[in-house]
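Undergrad: The structure's right below; bear with me while I get my questions together.
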Amino acid sequence: QIKLRVTELQKADLRRKLESGALSAEEEDDLRRRLAALDQSSLKLQLEALGAEEAELRRQLASGRLSADEEAKLRQRLAEIGQDRMRISTEMLDAEEAEMKRRINSGLLSELEKELAHQRLAGIAQARVQLKIDALNLEEAELRRRLASGTLSPAEEEAIRARLAALEQERIKLKIEKLELEASELRRRLDCGSLSADEQELALRRLAAIGM
């Protein structure tokens, strides 16, 4: 919490400097880069706090000393932590994406830096889809745990099996979306003409493997 508070104070100081208006383009760019880095640090600290809480809850689960009600509450909190982690991870990707786009539009990047920024944007898009896949995997694991517990009514078991089938369909769609994003980025790199002959060959092979 102390680290997070310090980070927030540093961000507030940078914002005040930005609002002063007495900056050159280069100085403003430097401040915005530093502010973006602090935004990422703040979100990482939040993820670390969630990780520490999750580790403690899992330690309590493994102890075997919880009542049924205590275990149910603990598992509910673990599910909430999973949702919070996805939300914060998505915020990190959104913030990084906004910063990459700002740098591209700033007019201060070299051609190489622009290309690297475009590549990172493509990576962010794929990472965002992967987060959704990870969330489905976590939900599936919890549903299968409940199925294996043997404590469900026939109606509850039927509902869980229906949800598992729906999860699989959602996962397939997301995997296809991720492959489409990868193929789009490979085509962009091929079209930009900056790849070596070997890199072009690898890109074409990957496109063929993807089937797009």
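The values are calculated or read from the model by the stated rules, or taken from the named source; none is laboratory data. Everything numeric here is computed off the predicted structure, so don't read it as measured data. Reconstructed Cβ throughout: ideal geometry from the backbone, glycine too, with neighbour counts over all protein chains shown. Protein only, heavy atoms only, side chains kept; ligands, DNA and RNA dropped before computing areas. Shrake-Rupley method; radii C 1.70, N 1.55, O 1.52, S 1.80 Å.
Undergrad: Please work out the FRET efficiency for the pair residue 23 and residue 80, using the Cβ-Cβ distance as r and a Förster radius of 45 Å; give the result to the nearest 0.05. Show your work: numbers first, answer last.
TA: Working: r = 42 Å, r/R0 = 0.93.
Step by step, r from the Cβ atoms, then E = 0.60.
Undergrad: In Å, what Rg and Dmax follow from the Cα atoms of segment 80-178?
TA: Cα-based Rg and Dmax for segment 80-178 come out at 19.1, 63 Å.
Undergrad: Report the charge-dipole magnitude of segment 16-85 in Debye, nearest 20, computed about the Cα centre from +1 at each Lys and Arg Cβ and -1 at each Asp and Glu Cβ.
TA: It comes to approximately 300 debye.
Undergrad: Follow-up question, since we're still on this one. Tell me, in nm to one decimal, what length is gained between residue 121 and residue 205 on full extension, where the rule is 0.36 nm per residue of separation less the Cα-Cα distance?
TA: Taking residue 121 through residue 205 to full extension adds about 28.0 nm, to one decimal.
Undergrad: When the accessible area of segment 1-157 is computed with all protein chains present and a 1.4 Å probe, what percentage of it is carbon and sulfur?
TA: Carbon-and-sulfur percentage of accessible area, whole number: 52.
Undergrad: Also, quick follow-up: Taking volume of the Cα convex hull per residue in Å³ straight from the coordinates, which label in (i) 165; (ii) 140; (iii) 238 is the correct one?
TA: (i)
Undergrad: Sticking with the crude label model, points 7 Å out along Cα→Cβ, report the distance from residue 65 to residue 136 in nm, one decimal please.
TA: 4.0 nm
Undergrad: Using a 1.4 Å probe, what is the accessible area per residue for segment 98-187, in Å²?
TA: 60 Å²
Undergrad: Would you calculate a helix-derived [θ] at 222 nm for the chain, using -39,500 (n - 2.57) for each DSSP H run of n ≥ 4 and dividing by the full residue count, to the nearest 500?
TA: Numbers: 6 runs with 188 residues, N = 212.
Theoretical 222 nm ellipticity from helices: -32000 deg cm²/dmol.
Undergrad: From largest accessible area down, sort 2, 176; use a 1.4 Å probe on the protein chains. Spell out each step's value before the answer.
TA: Values: 2 135, 176 80 Å².
Of 2, 176, the descending order of accessible area is 2, 176.
Undergrad: Percent of Cα-Cα pairs more than 21 Å apart in segment 16-130, please.
TA: Considering segment 16-130, 55 percent of its Cα-Cα pairs are separated by more than 21 Å.
Undergrad: Something else: Just to verify a number: what accessible area does residue 134 come out at with the full protein assembly present, 1.4 Å probe, Å² rounded to tens?
TA: 60 Å²
Undergrad: If you don't mind, there's one more thing I want to ask. Roughly how many Å is it from the Cα centre of segment 80-109 to that of segment 119-189, as a whole number?
TA: Between the Cα centre of segment 80-109 and that of segment 119-189, the gap is 21 Å.
Undergrad: Given the convex hull of the Cα atoms of segment 108-155, what is a quarter of its surface area in nm²?
TA: The Cα convex hull of segment 108-155, projected and averaged over all directions, gives 4.7 nm².
Undergrad: Explain nothing, just compute: Karplus ³J(HN,Hα) = 6.51 cos²θ - 1.76 cosθ + 1.60, θ = phi - 60°, for every residue of segment 65-71 in order, whole Hz, x for Gly and Pro.
TA: 9, 8, 6, 4, 5, 5, 5
Undergrad: Still on this model: About the Cα centre, and with charges only on the beta carbon of Lys, Arg (+1) and Asp, Glu (-1), how big is the dipole of the chain? Nearest 20 debye, please.
TA: Rounded to the nearest 20 debye, it is 300 debye.
Undergrad: State whether segment 70-116 is rounded, prolate or oblate according to the following rule on the C-alpha gyration tensor (a ≥ b ≥ c being the square roots of its eigenvalues): a/c under 1.5 gives rounded; otherwise a/b larger than b/c gives prolate, and the remaining case gives oblate.
TA: Values: a/c = 9.63, a/b = 5.20, b/c = 1.85.
Verdict is prolate for segment 70-116.
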